[in-house]
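The values are calculated or read from the model by the stated rules, or taken from the named source; none is laboratory data. Note that the structure is predicted; figures quoted are calculated from it, not measured. Note: ideal-geometry Cβ built from the backbone for every residue, glycine included; neighbour counts use all protein chains shown. Only protein heavy atoms, including side chains, enter the accessible area calculation; ligands, DNA and RNA are left aside. Shrake-Rupley method; radii C 1.70, N 1.55, O 1.52, S 1.80 Å.
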Amino acid sequence: MVFSHKPVLFDETIDALNIRSDGVYVDGTVGGGGHSAAILEHLTTGTLISIDQDPDAIAVVSNKFRENPHSIVRQGQFSQMTQIVNDCGFTAVDGILLDIGVSSYQLDVPERGFSYHHDATLDMRMSRKGISAKDLVNTSSWQRLAEIISRYGEEKHAKSIAKGIVHAREQKPIETTLQLAEIVKASVPAAVRREQGHPARKTFQALRIEVNGELEQLSKALDEAFMLLKASARLAVITFHSLEDRMVKQRMNHWCTGCTCPSDFPICVCGNMPRAKLIYKKGISPSDKELKENPRSRSARLRVCEKL
């Protein structure tokens, strides 16, 4: 099995973690192990706990780092990182990395059912467990599908796409990725079909987010990550779409906010103190060079904060 994932914003992320050779770090979304490998290179007496819910990723990195004494690999959701870290014998860590979203491997391996570029069973489950995208599109009401596609795909044609899905499944079950992609394509105006990018992109994103509970998991993971950080430790998060980035930005801003008293108050009465500071005020986007080498990085954004 080849689990290939080219990490985006690679150098920027590793630099931002400010890695200590004796520190304890968590890679909450190990994927193919690119970021983890770089963190391990910085460790002499420290420990890296690499987590992923995808059993394929766990199999690959377990083998990849099997002889590295500083590596611990665990399967699980990153929202469970407190329990995982505690089970590994630690109560606090010196840095955490979360590289959110679907990996290149998951997109490029047809049988995982994430991509509208390959014909495969409609799946999209990162953990390979639970309700699949096929289950979702064949059993949900058009109202629920429209809500999912609108909320998580930010798709303005969500209602017509949802109704198109329900109409199509009345003829025969929706089983494959290309079958769904064609239904979406037929459900949007001709002008949309002529636009740059596949008209099914937002619908596939929305279904993937719903199937994997991605935003709920991210929200819980951010809180768990911040609680695990030692003073002066850093949390680095790479996002790939606006919903994720908005959540990370708002959560970090909340941690970094101090006094909220009205400006005309002579003294602070709220008692709020900032618990973190931003390393990059507006986050970091890929360079032109990286965009040219890896077009999939175009929507990536790195945000980093340091616990006070």
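Numbers below:
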{"read-out": "Residue in region 136-146 that is among the charged types (D, E, K, R) and in a helix (DSSP H, G or I) present", "value": "yes"}
{"read-out": "Flag for Arg74 being without any contact (Cβ under 8 Å) to a residue 24 or more places away in the chain and either of a type in the set (D, E, K, R) or open to solvent by less than 10 Å² (accessible area, probe 1.4 Å) (or both)", "value": "no"}
{"read-out": "Qualifying positions in region 260-284 - of a type in the set (Ser, Thr, Tyr) and under 18 Å from Leu17 (Cβ atoms)", "value": "Tyr280"}
{"read-out": "Single residue of region 18-56 satisfying the filter (of a type in the set (D, E, K, R) and farther than 30 Å from Gly130 by Cβ) that is most open to solvent (accessible area, probe 1.4 Å)", "value": "Glu41"}
{"read-out": "Hits in region 276-299 - residues which are in contact (Cβ under 8 Å) with a residue 12 or more places away in the chain and open to solvent by 50 Å² or more (accessible area, probe 1.4 Å)", "value": "Lys277, Leu278, Tyr280, Ser285, Arg296, Arg298, Ser299"}
{"read-out": "Given (1) open to solvent by 30 Å² or more (accessible area, probe 1.4 Å); (2) under 19 Å from Ala225 (Cβ atoms), index of the condition Pro7 fails", "value": "(1)"}
{"read-out": "Those residues of region 225-271 which are over 20 Å from Ile14 (Cα atoms) and either in contact with a Phe, Trp or Tyr (Cβ under 7 Å, 6 or more places away or on another chain) or surrounded by 20 or more Cβ atoms within 10 Å (Cβ to Cβ) (or both), in sequence order", "value": "Leu243, Glu244, Arg251, Trp255"}
{"read-out": "Gly113 being out of contact with any His (no Cβ under 8 Å at 6 or more places or on another chain), open to solvent by less than 60 Å² (accessible area, probe 1.4 Å) and on the phi > 0 side of the Ramachandran plot", "value": "yes"}
{"read-out": "Boolean, Gly46 is modelled with pLDDT under 95 and in contact with a His (Cβ under 8 Å, 6 or more places away or on another chain)", "value": "no"}
{"read-out": "Leu302 vs. criteria surrounded by 19 or more Cβ atoms within 10 Å (Cβ to Cβ) and either modelled with pLDDT of 95 or more or closer than 15 Å to Leu97 by Cα (or both)", "value": "yes"}
